[in-house]
Structures are given as C-alpha cells and as structure tokens.
Amino acid sequence: MPPLEFLSDPEWRRSVLTDGFGKGFWGFLLVAVLTGIACYAIRGPEAFFHALERDGRLLLGLMPRVVVALSIAALIWFLLPRDKVSALVGKESGLKGLLVATAAGTVTPGGPSSAYALLAVLAGSGADRGAMVAYITAWATLGLQRILVWDVPFMGPEFAFLRVLVSLPLPIIAGLIARRLPFELRVKDADGQKTEARA
C-alpha cells in the first residue's frame, strides 16, 4: 500500500472530521466567529485585522510545539511496554502507582500539548483513574519547568521551596479521591471506541 493512499479513503476522512474535529471544536469555532463579528462591528476593521494578525502569529508559534509533543507521545505509545505500565500504575498498583504517576508528572516538560498527550498514552496503557489524576495534578502543581522558569526567577528560592513543600501531597490526595469517587471514567482507545478506564 502506498504511503499516502489513506488520504483517498472516504472512511478515513470521515473519521478525521468526527474524531479530530468533534463537537467541542465546532462549538469553539462558532464562538470565535461570533466574537470576531462582534469585534468587527464594535471596534471596527482595524482592530479586527490587528487581532486576527496576532492570533495568526500565536497559532504559527504554537503549531510546531503541538506537532513535536504529539509526535513524542506517539513514539512513547509504541515504545512503552503496556503490561509493565499497567503493573506500575494500574488498578492493583496501590499507593506505589500514585507515587510513580506523581514522579512522572513532576518531570514531564512542556505545556498541555505534551502533558495531555502523555496522559492519553497512560490511559491507553492501562493506568487507573487515580494514577491519571495524580499525574496531571503533579504536572500542574509540581512541574520542574514551572519551578525553574517561573517560581525561582520571579519569587525566589524560598518561595519556590515553600510552594513545592505545601504542594507535595496534593497529587496523592487527588489520586486517592479520584479512586473513591463513584464515577465511570471513559477514555477513547486507539480505534476511537470509548472504553471504561480502570477504577
């Protein structure tokens, strides 16, 4: 099969439109168009085109990061041994799984495009919901890049140390709470089918 033959497959194009551009995308697009029309009507064409130009520059700056982050997540998806990941952060991993997920979230670099892509890899590899919540909470509160780039330069090492010390138990607490909540967590697998995540 030629490398780009899938582009002519109507089923593939339909799945890209439904999965890649779901209801959320179209909802945000509608809000963007409506606010653009409001900006044009209220502030005039000069403000509208100025905002459009700045948005275009922001989009061009973000696209390479998103592509690299998703490429890394795809590589990790193929390289990770799923049975070992499931043993580390799966349903039976207990407190050790939350600690492993917290450590992984702490050292995950970059913004949401990398963290959430890796979170999806964890979900597909058999991580339970407590570990996934611990991972993303650790990334948001204990991320090393935040400490080195923002906390220490802007607020000083004393503040950074105090903030990290106070935040240390948060991912574990969040993971334990997530395991106890009586909700079903459904995550899309590689085929786009929704499956129940591990409790």
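On the basis of being over 19 Å from Leu185 (Cα atoms), outside the structural domain of Cys39 (by TED's automatic domain parsing), out of contact with any Cys (no Cβ under 7 Å at 6 or more places or on another chain) and in a helix (DSSP H, G or I), does Ala104 make the cut?
Criteria met by Ala104.
Here's the yes/no breakdown for (1) at pLDDT below 85; (2) in a helix (DSSP H, G or I); (3) buried (at least 19 other Cβ atoms within 10 Å of the Cβ); (4) among the acidic types (Asp, Glu):
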{"position": "Cys39", "(1), (2), (3), (4)": "no, yes, no, no"}
{"position": "Ile42", "(1), (2), (3), (4)": "no, yes, no, no"}
{"position": "Arg54", "(1), (2), (3), (4)": "no, yes, no, no"}
{"position": "Ala74", "(1), (2), (3), (4)": "yes, yes, no, no"}
{"position": "Ser93", "(1), (2), (3), (4)": "yes, yes, yes, no"}
{"position": "Lys96", "(1), (2), (3), (4)": "no, yes, no, no"}
{"position": "Pro109", "(1), (2), (3), (4)": "yes, no, no, no"}
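Just the residues that are under 12 Å from the mean Cα position of the chain (by Cα), modelled with pLDDT under 85 and among the hydroxyl-bearing types (Ser, Thr, Tyr), please, taken from the stretch 111-147.
Ser113, Ser114, Tyr116 - these are the residues of the stretch 111-147 that are under 12 Å from the mean Cα position of the chain (by Cα), modelled with pLDDT under 85 and among the hydroxyl-bearing types (Ser, Thr, Tyr).
Taking the stretch 70-92, which residues are touching a strand residue (DSSP E or B) at 6+ places or on another chain (Cβ under 9 Å) and either without any contact (Cβ under 8 Å) to a residue 12 or more places away in the chain or of a type outside the set (Lys, Arg) (or both)?
Ser86, Val89, Gly90, Glu92
The values are calculated or read from the model by the stated rules, or taken from the named source; none is laboratory data. All figures in this text were calculated on a predicted structure; none of them were measured in a lab. Every residue, glycine among them, receives a Cβ derived from its backbone with ideal geometry; neighbour counts consider all protein chains shown.
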